[in-house]
Amino acid sequence: MADPGYDLICQDLSFQYQGGKELRYPDLRLEKGSHWLIIGPSGSGKTTLLNMIAGLLKPEHGKILFLGTEIYALSSKDLDHFRGENLGIVFQTPRFFSAMSVLQNLLISNYLAGKKQSKERALYLLHTLGLKGMERKNVKELSLGEQQRLSLARALMNSPEILIADEPTSALDDKNCDELTNLLEKEANEFGTTLIIVSHDARLKSRFPNQIELK
Ligand code: ADP
Ligand code: MG
C-alpha cells in the first residue's frame, strides 16, 4: 500500500488507556513537505497521537503508514532504526543529558541513529537557531526559550523526513512563540521536511492553513 505522494497516512486510529475513555482520531493523509497543526484542548489526545505516530505507542486499532511502511509491523529493532532515520521529535518538555554540553547533546542524536557524528551540522543548526557560541555550555545554563530551540536543533540533527513537535510554544511569550514558529517553518521548508505541530496554543491557528482539530 505504499503511496509515494504521502509521508504519513493514519487510518481508523484509536487508543484507550486503562480506565480511560476511548480516544478516536480522524484519518490523516499528509503530503510530503506539508505543514500541519493538530490542535485541541488539554486531554484531547494530542500527545497520545504524537506517540503513536512516533512509533512509541501502538494504537489499539487502525494503522499508520509512514513513508509507505506500516510501522507497527516492523520488529522493535527495525522500528528504532526507522525512527532514528526518518523522524525528529521535539518533546513537550525538553529533556537533555544534563552532564553533557550543548554540542554533545546534539552529537548524541547522530550516534543514537547510527550515523556519523557531524559537528559541522550541529554548529550550523546552533547558528541558524540563534544559539551560536553556546556549544560548550552546559544545557542547564540555557533559558527555557533556548532549551526549546536546542530541542528543535536536536530533532533536526539527522535531517528527518518528518518533524513532529509537541506543544513547542506553550511556555513561550508571544515574541518567542513567533520566533520559534518561524524557525520551525523555515527549517522545514529548507529541507522539504513534513511538519506536524501538536498544540493547544490558539496563537498558532492563524499560522497554519492545514489544521486538524481534536475534541
Ligand atoms: P493532550 O496531549 O491533548 O493533553 P493526552 O494524549 O496526553 O492529551 O491524553 C489524552 C487522555 O488520556 C487524557 O484524558 C489523559 O488523562 C489520558 N492519559 C494520557 N496518558 C495516560 C496514561 N499514561 N495513563 C492513563 N491515562 C492517560
Ligand atoms: Mg499533550
query: Going through the range 89-103 one residue at a time, which ones are modelled with pLDDT of 95 or more and closer than 22 Å to L184 by Cα?
result: F96, V102, L103
message: Checking the structure you have, find out if any residue of the range 60-79 is closer than 27 Å to L150 by Cα and within 12 Å of ligand 1 (Cβ to nearest atom).
response: no
- line: Residue hits (the range 34-62; more than 16 Å from ligand 2 (Cβ to nearest atom) and at pLDDT below 95) are G55
Options L123, L112, L180, L144; residue that is open to solvent by less than 40 Å² (accessible area, probe 1.4 Å) and either acidic (D, E) or more than 16 Å from ligand 1 (Cβ to nearest atom) (or both): L180
task: Return a yes/no flag: does the range 16-26 have any residue that is outside any loop (DSSP other than H, G, I, E, B) and either away from ligand 1 (no atom under 12 Å from the Cβ) or within 15 Å of the chain's Cα centre (by Cα) (or both).
output: no
field: Cross-chain or 6+ apart pairs with Cβ under 6 Å, the range 162-187 first and part of a helix (DSSP H, G or I), then open to solvent by 40 Å² or more (accessible area, probe 1.4 Å)
entry: C177/R203; T181/R207
message: Against the conditions (1) more than 16 Å from ligand 2 (Cβ to nearest atom); (2) in contact with a Phe, Trp or Tyr (Cβ under 9 Å, 6 or more places away or on another chain); (3) part of a helix (DSSP H, G or I), where does S109 fall short? Just the number, please.
response: (2)
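Name every residue in the range 60-81 that is of a type in the set (S, T, Y), out of contact with any strand residue (DSSP E or B) (no Cβ under 8 Å at 6 or more places or on another chain) and open to solvent by less than 80 Å² (accessible area, probe 1.4 Å), in order of residue number.
Pass one, the range 60-81, residues of a type in the set (S, T, Y): 69, 72, 75-76.
Within this subset, residues satisfying the condition of being out of contact with any strand residue (DSSP E or B) (no Cβ under 8 Å at 6 or more places or on another chain) are 69, 75-76.
Scanning the range 60-81 gives T69, S75.
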query: Does the range 82-93 hold any residues that are open to solvent by 20 Å² or more (accessible area, probe 1.4 Å) and within 16 Å of ligand 1 (Cβ to nearest atom), and which are they?
result: I89, F91, Q92, T93
field: Tabulated pairs, the range 38-63, first among the small types (G, A, S), second near ligand 1 (Cβ under 10 Å from one of its atoms) and in a loop (DSSP other than H, G, I, E, B), C-beta under 7 angstrom, 6+ apart or interchain
entry: G40/H200; G40/L214; S42/H200; S44/L214; G45/L214
task: Sort out which residues of the range 32-59 are part of a loop (DSSP other than H, G, I, E, B), open to solvent by 30 Å² or more (accessible area, probe 1.4 Å) and within 16 Å of ligand 1 (Cβ to nearest atom), and write them in order of number.
output: P41, S42, G43, L56, L57, K58
statement: Of the residues in the range 190-205, those that are more than 14 Å from ligand 1 (Cβ to nearest atom), within 20 Å of N158 (Cβ to Cβ) and either outside any helix (DSSP H, G or I) or touching a residue at least 60 places away in the same chain (Cβ under 8 Å) (or both) come to G192, T193, T194, L195
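The values are calculated or read from the model by the stated rules, or taken from the named source; none is laboratory data. This is a predicted model, so every value here is computed, not measured. With ideal geometry, Cβ positions are generated from the backbone for all residues, glycine too; neighbour counts draw on all protein chains shown. Surface accessibility is based on the protein's heavy atoms, side chains included, excluding ligands, DNA and RNA. Shrake-Rupley method; radii C 1.70, N 1.55, O 1.52, S 1.80 Å.
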